[in-house]
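Just below is one structure, and these are the notes that go with it.
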Amino acid sequence: MKKVLSVLLAIAMVFTMLGALTIGYAEDFSLTMQIGSSVMTVNGVEKTIDDEGSTPIIVNERTLLPVRAVVEEMGGTVGWEADTRTAVLNYDDKEIRLVMDSKTAYLKGEA
(Lines give C-alpha, C1' and ligand atoms only; values in the text may rest on other atoms or scores of the structure.)
Protein backbone atom coordinates (compact mmCIF):
# COMPACT_ATOMS: atom_id res chain seq x y z
CA MET A 1 0.00 0.00 0.00
CA LYS A 2 2.81 2.43 0.84
CA LYS A 3 4.52 1.75 -2.49
CA VAL A 4 1.28 2.34 -4.39
CA LEU A 5 0.77 5.59 -2.51
CA SER A 6 4.35 6.63 -3.24
CA VAL A 7 3.89 5.90 -6.93
CA LEU A 8 0.65 7.89 -7.17
CA LEU A 9 2.06 10.76 -5.17
CA ALA A 10 5.16 10.84 -7.31
CA ILE A 11 3.24 10.95 -10.55
CA ALA A 12 0.96 13.74 -9.44
CA MET A 13 3.51 15.85 -7.62
CA VAL A 14 6.52 15.68 -9.91
CA PHE A 15 5.16 18.27 -12.31
CA THR A 16 3.86 20.55 -9.58
CA MET A 17 6.92 20.35 -7.36
CA LEU A 18 9.42 20.67 -10.21
CA GLY A 19 7.84 24.00 -11.03
CA ALA A 20 8.15 25.08 -7.40
CA LEU A 21 11.76 23.90 -7.21
CA THR A 22 12.83 25.82 -10.27
CA ILE A 23 10.74 28.93 -9.69
CA GLY A 24 10.35 29.41 -5.94
CA TYR A 25 13.52 27.84 -4.61
CA ALA A 26 16.02 27.87 -7.46
CA GLU A 27 18.53 29.94 -5.49
CA ASP A 28 17.79 28.78 -1.94
CA PHE A 29 16.84 25.12 -2.21
CA SER A 30 18.58 22.06 -3.62
CA LEU A 31 17.41 18.45 -3.30
CA THR A 32 19.14 15.55 -5.02
CA MET A 33 18.07 11.88 -5.09
CA GLN A 34 19.56 8.92 -6.93
CA ILE A 35 17.72 5.90 -8.31
CA GLY A 36 17.86 3.05 -5.80
CA SER A 37 19.44 5.12 -3.01
CA SER A 38 17.66 5.73 0.30
CA VAL A 39 19.81 8.83 0.90
CA MET A 40 19.03 12.30 -0.44
CA THR A 41 21.07 15.48 -0.31
CA VAL A 42 19.23 18.60 0.82
CA ASN A 43 21.15 21.88 0.53
CA GLY A 44 24.42 19.92 0.62
CA VAL A 45 23.49 17.78 3.66
CA GLU A 46 22.91 14.03 3.29
CA LYS A 47 19.73 12.68 4.90
CA THR A 48 17.86 9.39 4.89
CA ILE A 49 14.74 9.74 2.74
CA ASP A 50 12.53 8.07 5.37
CA ASP A 51 12.44 5.28 7.95
CA GLU A 52 10.81 2.92 5.42
CA GLY A 53 13.87 2.74 3.17
CA SER A 54 12.10 4.44 0.24
CA THR A 55 14.12 5.12 -2.88
CA PRO A 56 13.46 6.76 -6.24
CA ILE A 57 12.65 4.11 -8.86
CA ILE A 58 11.96 3.86 -12.57
CA VAL A 59 8.70 2.15 -13.63
CA ASN A 60 7.59 1.99 -17.26
CA GLU A 61 10.24 4.55 -18.23
CA ARG A 62 8.98 7.04 -15.60
CA THR A 63 11.03 8.23 -12.64
CA LEU A 64 9.02 8.01 -9.42
CA LEU A 65 10.17 9.96 -6.36
CA PRO A 66 9.32 9.52 -2.68
CA VAL A 67 7.19 12.66 -2.84
CA ARG A 68 6.53 12.89 0.89
CA ALA A 69 10.24 13.54 1.44
CA VAL A 70 10.34 16.23 -1.25
CA VAL A 71 7.18 18.00 -0.06
CA GLU A 72 8.22 17.95 3.61
CA GLU A 73 11.77 19.16 2.88
CA MET A 74 10.26 22.11 1.01
CA GLY A 75 8.10 22.94 4.02
CA GLY A 76 4.86 21.31 2.89
CA THR A 77 2.77 18.61 4.54
CA VAL A 78 1.39 15.24 3.49
CA GLY A 79 -1.67 13.70 5.12
CA TRP A 80 -3.75 10.56 4.70
CA GLU A 81 -7.54 10.35 4.97
CA ALA A 82 -8.20 6.65 5.55
CA ASP A 83 -12.00 6.80 5.18
CA THR A 84 -11.77 8.14 1.59
CA ARG A 85 -8.33 6.61 0.85
CA THR A 86 -7.04 10.05 -0.10
CA ALA A 87 -3.54 11.47 0.13
CA VAL A 88 -3.56 15.22 0.76
CA LEU A 89 -0.47 17.23 -0.17
CA ASN A 90 -0.18 20.87 0.91
CA TYR A 91 2.46 23.34 -0.17
CA ASP A 92 2.04 27.11 0.18
CA ASP A 93 -1.55 27.80 -0.85
CA LYS A 94 -1.80 24.66 -3.00
CA GLU A 95 -3.59 21.47 -2.02
CA ILE A 96 -3.41 18.33 -4.13
CA ARG A 97 -5.77 15.45 -3.35
CA LEU A 98 -5.06 11.96 -4.70
CA VAL A 99 -7.66 9.23 -4.26
CA MET A 100 -6.36 5.66 -4.42
CA ASP A 101 -7.38 3.76 -7.58
CA SER A 102 -8.39 7.00 -9.32
CA LYS A 103 -6.59 8.53 -12.27
CA THR A 104 -7.82 12.02 -11.35
CA ALA A 105 -5.86 14.38 -9.10
CA TYR A 106 -7.42 17.52 -7.65
CA LEU A 107 -5.52 20.79 -7.35
CA LYS A 108 -7.36 23.37 -5.24
CA GLY A 109 -10.53 21.31 -5.69
CA GLU A 110 -10.37 21.19 -9.49
CA ALA A 111 -9.78 17.94 -11.39
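The values are calculated or read from the model by the stated rules, or taken from the named source; none is laboratory data. Just so it is clear, the model here is predicted, and its values are computed rather than measured. Cβ sites come from the backbone with ideal geometry, for glycine too, and all protein chains shown count toward neighbours. Side chains are part of the model used for accessible areas, which takes the heavy atoms of the whole protein and leaves out ligands, DNA and RNA. Shrake-Rupley method; radii C 1.70, N 1.55, O 1.52, S 1.80 Å.
Within the stretch 43-90, the set of residues being surrounded by fewer than 11 Cβ atoms within 10 Å (Cβ to Cβ), outside any strand (DSSP E or B) and either touching a residue at least 40 places away in the same chain (Cβ under 8 Å) or under 16 Å from the mean Cα position of the chain (by Cα) (or both) comprises Asp51, Gly53. Taken together, the residues in the stretch 63-92 that are of a type in the set (Asp, Glu) and within 19 Å of Asp28 (Cα to Cα) amount to 3.
Let's see how each residue does on (1) of a type outside the set (S, T, N, Q); (2) modelled with pLDDT of 90 or more; (3) at positive phi:
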{"residue": "Val7", "(1), (2), (3)": "yes, no, no"}
{"residue": "Ala12", "(1), (2), (3)": "yes, no, no"}
{"residue": "Tyr25", "(1), (2), (3)": "yes, no, no"}
{"residue": "Gly44", "(1), (2), (3)": "yes, yes, yes"}
{"residue": "Thr48", "(1), (2), (3)": "no, yes, no"}
{"residue": "Val59", "(1), (2), (3)": "yes, yes, no"}
{"residue": "Asp83", "(1), (2), (3)": "yes, yes, no"}
{"residue": "Lys94", "(1), (2), (3)": "yes, yes, no"}
{"residue": "Val99", "(1), (2), (3)": "yes, yes, no"}
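The set of residues in the stretch 91-109 being polar (S, T, N, Q) and open to solvent by less than 50 Å² (accessible area, probe 1.4 Å) consists of Ser102 alone.
Residues of the stretch 91-111 being farther than 18 Å from Arg68 by Cα and assigned to a strand (DSSP E or B), which ones?
Glu110
Against the numbered list (1) loosely packed, with under 15 Cβ neighbours inside 10 Å; (2) in contact with a strand residue (DSSP E or B) (Cβ under 6 Å, 6 or more places away or on another chain), Asp28 comes up short only at (2).
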